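What follows draws every value from the coordinates through simple rules; no lab data is involved. Please read these numbers as outputs of a predicted model, since none were measured by experiment. Cβ: placed from backbone, ideal geometry, glycine included. Neighbour counts: every protein chain shown.
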Amino acid sequence: FAIITPALITGSFAGRVRFRSYILFMVLFSMLIYAPLAHMTWHPDGLFRNWGVLDFAGGTVVHMSAGFAALAGAVFLGKRQKQTHSPAQV
């Protein structure tokens, strides 16, 4: 689950950050956001678990963290860089 979460965020960062910056983001995100959120949700003594939050098949942690990170990234980074080519017409 920890591997697929940054992959979901990739779409919101495409064209906005360099590869090296994205690798740094993935490491920091995994340690500072995903791991504590997973612990709070899945551990028997976790905060969310004690509140009665149920996570079926890991979807809550993965999609909640990826969705909020993608939204924050899109808002913080702003518009994508200009395209050097015109998109194909369908």
Between LEU32 and LYS82, what FRET efficiency follows from the Cβ-Cβ distance if R0 is 41 Å, with the result rounded to 0.05? 0.80
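Counting other Cβ atoms within 10 Å, which trypsin sites (Lys or Arg not before Pro) in region 1-64 have at most 15 and lie in a DSSP loop?
Filter output for region 1-64: ARG18.
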Dimensions in Å of region 4-77 - Rg and Dmax from alpha carbons: 13.3, 40
On a 0 to 90° scale, report how tilted helix 4-13 is relative to the longest principal axis of the chain, with both axes built from alpha carbons and the result rounded to the nearest 10. 30
Farthest toward the dipole's positive end in the chain, which of PRO44, ALA14, ILE4, given Cβ charges of +1 (Lys, Arg) and -1 (Asp, Glu) about the Cα centre? ALA14
Filtering chymotrypsin sites (Phe, Trp or Tyr not before Pro) in region 15-65 by DSSP loop and by at most 11 other Cβ atoms within 10 Å leaves TRP51, PHE56
222 nm [θ] for the chain, helices only, -39500 (n - 2.57) per DSSP H run of 4+, per residue, to 500? -17000 deg cm²/dmol
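Just to verify a number: FRET efficiency for ALA2 and VAL75, C-beta to C-beta distance, R0 = 30 Å, to 0.05?
0.80
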Compute the helix-to-body angle for 19-29: its Cα long axis versus the longest principal axis of the chain, expressed 0 to 90° and rounded to tens. 10
